[in-house]
Every structure is written in C-alpha cells, then in structure tokens.
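A.B. asks: My questions all concern the structure below.
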Amino acid sequence: MKRRDLLRYAAVLVPVLKSAIAGAEQKQPEIAFTFDDPKTDEGAGLSWQDINHRILGALAKHGIKAVLFVTGKRVDGEQGRELITAWDKDGHAIANHSYSHLFFNDDSVTLAQFESDFLRDEPLVREYPHFTRLFRFPFFKEGDTAEKRDAMRSFLLQHQYRVGRATIDASDWVISQRLEKRAAATPKSRPILLRRVLQAAHLGARTMLRFTCSPGTQSQHPPYRCVAPQCAQCVVPGSADPNVH
Ligand SMILES: [Zn+2]
C-alpha cells in the first residue's frame, strides 16, 4: 500500500474506530419509564396531588425523565390540567393515549371511531411544551383485523406519531389494583411491587442485551446472548438457544 493510500485509509479508519468505541459505550442497558392514564382520583387513602407529588419526587430524586401517556377523559378539567402541567414543568414528555381508552380489538370499535378518539385527545396534550408525538394503544391492542391494524398504523404515520410500546413489563396496574385494596390494612405489601418491577427490569435488560450486540462483536457478559441475525462471530459457549450463533 502506498503511503498516500495508507494516510487516506487511516483518515477513514480513525472516525470509524471512534464511532465503534462510542457505540460500545452506548450499549449499556437502559430502561425507559412510562406512565399511562394519570387521573385525579384518590387512591390508597392518598389524594391525587399527594400521589402525583410522590411519583414526581421519586423521578426527580433519581434524575429520570419519563413519558406520561394521557387519556383525555380522566383529566378533562381544571385539576387534570394541573396534574399534566406538573409533569410538563418537570420536563417529562406528554403523549397521547386516546380520549376514551377504547378496546380496539373489540369488533364493535370501528377504525373511524378509534381515529376520532385519538384526535379528541390531542387538544388536551399538544399545547404542552414537552408534548411528544407518541401514541400508546389502550390495552396495547392494535386492532382485531389486519385491515384495522394497518390502517391505524398509516393514520399514525400521517400524523407523524410513533407507537409508544412497552417491552419490559406492563403489569404494574394489576399489582397496583391489589395494593390499593390492601394498602390501608397491610402497608408492608408495598415491597412486592418493587420486587416485581426489579425482576422484570432485570429480565428486560437481559433481553435488550440480546438485541444490542452488534454484528462481529462478542457479548461481554456470558449469560447474555447476541442473536443479531447477521452476526457471524458471536459465540456463546454452551448455549442451547437455536438463535444463537
Ligand atoms: Zn391505558
């Protein structure tokens, strides 16, 4: 290789290496916290203001910015605006979760009805400085037919929305419901929720690592497996997973 070619090659290689190193640094597992259906009802003997204050305080304490998916019918009033404003002022993203929280997989819920319910929520969220074009399907149901699903996806694209998915755990509401019933009598039940979320986050982190290993690299953590489809060099000795190569 001529010296001139070598210099040219090095000039290209250095930025590539730098970005590869930066990429490796970014592979640390991350978890996103999102909250659905804020409401101005009391729960577990606490006022909504108290609950809100506690959640926002915990997020601020740990330096976490979250996404608040708003269902219009639960906050369509002065107190509701007060609640969302508090999240917005703390720098959390405000997003759309429809107005009525319809079950899109019910065959009686039409596409037109679902779309208009989506649009009805917009005025309640779009004026906030931290409004973000994310839509979370109520109950995570994207339609009971391929036609409804595809049409709604196109509709969201037209309105420049992305889907706000949950990939680690979304069952906290079940636990919360049980805890709310029992909180007054057995305050010790609170750690159950924490334990459940931590377990789910751990599993989720493992899952994420399976998908974040780039082709040509080897997992730094033996329990975590790379299943990148194009990866020719990832090797996890002893793995029984047929997707692992
Ligand atoms: Zn919801």
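The values are calculated or read from the model by the stated rules, or taken from the named source; none is laboratory data. Keep in mind that what you see is a predicted model, and the values were worked out from it rather than measured. Note that we place each Cβ from the backbone using ideal geometry, even for glycine, and neighbour counts take in every protein chain shown.
A.B. asks: Which residues, counting only those in region 81-98, are within 15 Å of the ligand (Cβ to nearest atom) and either farther than 26 Å from Phe114 by Cα or of a type outside the set (A, V, I, L, M, F, W, C) (or both)?
C.D. replies: Matches in region 81-98: Asn96, His97, Ser98.
A.B. asks: Among residues belonging to region 33-56 that are assigned to a loop (DSSP other than H, G, I, E, B) and within 16 Å of the ligand (Cβ to nearest atom), point out the one that is surrounded by the fewest Cβ atoms within 10 Å (Cβ to Cβ).
C.D. replies: Going through the qualifying residues, I end up with Asp41.
A.B. asks: For the condition within 15 Å of Leu102 (Cβ to Cβ) and away from the ligand (no atom under 16 Å from the Cβ), what is the one hit in Arg149, Arg162?
C.D. replies: On inspection, the qualifying residue turns out to be Arg149.
A.B. asks: Only one of (1) at pLDDT 95 or above; (2) within 16 Å of the ligand (Cβ to nearest atom); (3) β-branched (Val, Ile, Thr); (4) surrounded by fewer than 13 Cβ atoms within 10 Å (Cβ to Cβ) fails for Val174. Which number is that?
C.D. replies: Single failed check for Val174: (1).
A.B. asks: If you don't mind, there's one more thing I want to ask. Can you name the residue in region 135-144 that is among the charged types (D, E, K, R) and within 16 Å of the ligand (Cβ to nearest atom) and, of all such residues, is nearest to Arg74 (Cα to Cα)?
C.D. replies: It comes out as Arg136.
A.B. asks: Among all residue pairs at least 6 apart or on different chains, which show Cβ distances below 6 Å where the first residue, located in region 150-173, is on the phi < 0 side of the Ramachandran plot and the second is of a type in the set (S, T, N, Q) and within 16 Å of the ligand (Cβ to nearest atom)?
C.D. replies: From residues that are on the phi < 0 side of the Ramachandran plot, there are no pairs.
A.B. asks: So, in region 124-134, of the ones that are free of Cβ contacts under 8 Å to residues at least 60 places away in the same chain and within 16 Å of the ligand (Cβ to nearest atom), which residue ends up surrounded by the fewest Cβ atoms within 10 Å (Cβ to Cβ)?
C.D. replies: Only one residue fits best here, namely Leu124.
A.B. asks: When you scan region 60-72, how many residues do you find that are under 18 Å from Phe131 (Cα atoms), without any contact (Cβ under 8 Å) to a residue 40 or more places away in the chain and outside any loop (DSSP other than H, G, I, E, B)?
C.D. replies: 1
A.B. asks: Which number in (1) in a loop (DSSP other than H, G, I, E, B); (2) of a type in the set (D, E, K, R); (3) within 22 Å of the chain's Cα centre (by Cα); (4) within 16 Å of the ligand (Cβ to nearest atom) marks the one condition that Asp121 misses?
C.D. replies: Every listed condition holds for Asp121 apart from (1).
A.B. asks: Hey, another quick one. For region 84-103, what are the residues that are touching a Phe, Trp or Tyr at 6+ places or on another chain (Cβ under 7 Å) and either in a helix (DSSP H, G or I) or under 15 Å from His53 (Cα atoms) (or both)?
C.D. replies: Passing the criteria: Ile84, Asp88.
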